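This report refers to the structure that appears directly beneath it.
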Amino acid sequence: MHNSTNYSLLAKALHWCFIIMFAYGIYKQVDDINQLEDVSFFRTEIIFASVFLLFLAFRLFYMTKTQKTSLPIDTPKSQKFAAKINAYMTKWVDKGLLSPRVTIGGVATRSAIRNQNALHKGVELEWNTRLVPRLDIGGILSLGEFRWANDVQGEIRSDGDLDIINIDIYSNNLYVGNHPQSQIGFTGRYQINNTIDVGGQYLYNAKLYSDYDITDRDDKNQANRQPFQLDNYGVLDLRVGAKFKLGNIGAYAQVQGYNILDKIYWARGIESTGAVPSLKEGFPSWGRTLNFSLKLTF
């Protein structure tokens, strides 16, 4: 059906201004919490956040007063649009960490850490909407910052001579490894008919760092050097399902495809320090995989 809605020049300007401001906000996000110690920088961030919130409020007011929804008039409000925003700050205390077995000088070695604290903070946004009765679209946006919050002592245990060596680890303010700290994703589901539905999800992960190497973090001069940052990556998953009857038993069969684009990336790793930081070892992603499931309802 042809959409004959005519939007005013102001409505179009608000639309494109939102995209530009949103992109600018992601590009200029704070990379280091210590940046906020700069009074001028902190003031600029507060002003931008305030202007952006006022802009969103005005845009919502203007569009709801001047534009009509394309959904049926009798569509419940709960089905038109729903959003949830969450700001968090969580402190983890006394975490214990054990490294995988690595080879140092031809000898298998492990490292163990106790009393490691961490500070996780960020903002998360989830939304979903039903554009037409059979189509659901949603998305997530997560902007976080996860850092270790203290220096600790660690133990290096060798399988060779069984010695235990205690070392100081300067880990305070380092990024927590192997957890994407920023994510943006989209989901969709379409009910083709009363039997078959299809769906999918695309998730883009950013700000993913390797774990720091305990054997290279005992130099105080390297205290503020961040671990190796892994490449950003996006993963697309798709699925198709059908519901039917097996006699008097309800059934739902589904085929799911994970990593449809067969993207190969480093999902986690351990840094290799040196003149040029790199990855010592890591765990690569699985390629494209398929899964079949059958659910029975008694």
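The values are calculated or read from the model by the stated rules, or taken from the named source; none is laboratory data. Keep in mind that this is a model prediction, so the values were computed, not measured. Methodologically, a virtual Cβ is constructed for each residue, glycine included, from the backbone with ideal geometry; neighbour enumeration extends over all protein chains shown.
Descriptive notes on the structure:
- Answer from Phe48, Phe42, Phe52, Phe18 - the residue that is in a helix (DSSP H, G or I), at pLDDT 75 or above and out of contact with any Lys or Arg (no Cβ under 9 Å at 6 or more places or on another chain): Phe52
- Residue check, Ala11 at pLDDT 80 or above, in a helix (DSSP H, G or I) and outside the structural domain of Arg147 (by TED's automatic domain parsing): yes
- Strands (runs of 3 or more DSSP E) wholly inside the stretch 147-211 containing at least 3 residues that are at pLDDT 90 or above: 182-191, 196-206
- Scan the stretch 235-287 for residues that are of a type in the set (S, T, N, Q), surrounded by fewer than 13 Cβ atoms within 10 Å (Cβ to Cβ) and either at pLDDT 90 or above or in a strand (DSSP E or B) (or both) and the total you get is 1.
- Residue within the stretch 218-229 that is outside any loop (DSSP other than H, G, I, E, B) and modelled with pLDDT of 90 or more present: yes
- Criterion (in the same structural domain as Asn193 (by TED's automatic domain parsing), in a strand (DSSP E or B), among the aliphatic types (A, V, I, L, M) and more than 28 Å from Leu97 (Cβ to Cβ)) met by exactly one of Ile137, Ile113: Ile137
- Residue tally, condition within 30 Å of Ala82 (Cα to Cα) and crowded, with 19+ Cβ neighbours inside 10 Å, over the stretch 144-182: 4
- Meets criteria (more than 24 Å from Leu125 (Cα to Cα), surrounded by 12 or more Cβ atoms within 10 Å (Cβ to Cβ) and modelled with pLDDT of 60 or more) for Tyr62: no
- Test for Asn205: is it of a type in the set (S, T, N, Q), over 21 Å from Asn224 (Cα atoms) and either surrounded by 15 or more Cβ atoms within 10 Å (Cβ to Cβ) or in contact with a helix residue (DSSP H, G or I) (Cβ under 9 Å, 6 or more places away or on another chain) (or both): yes
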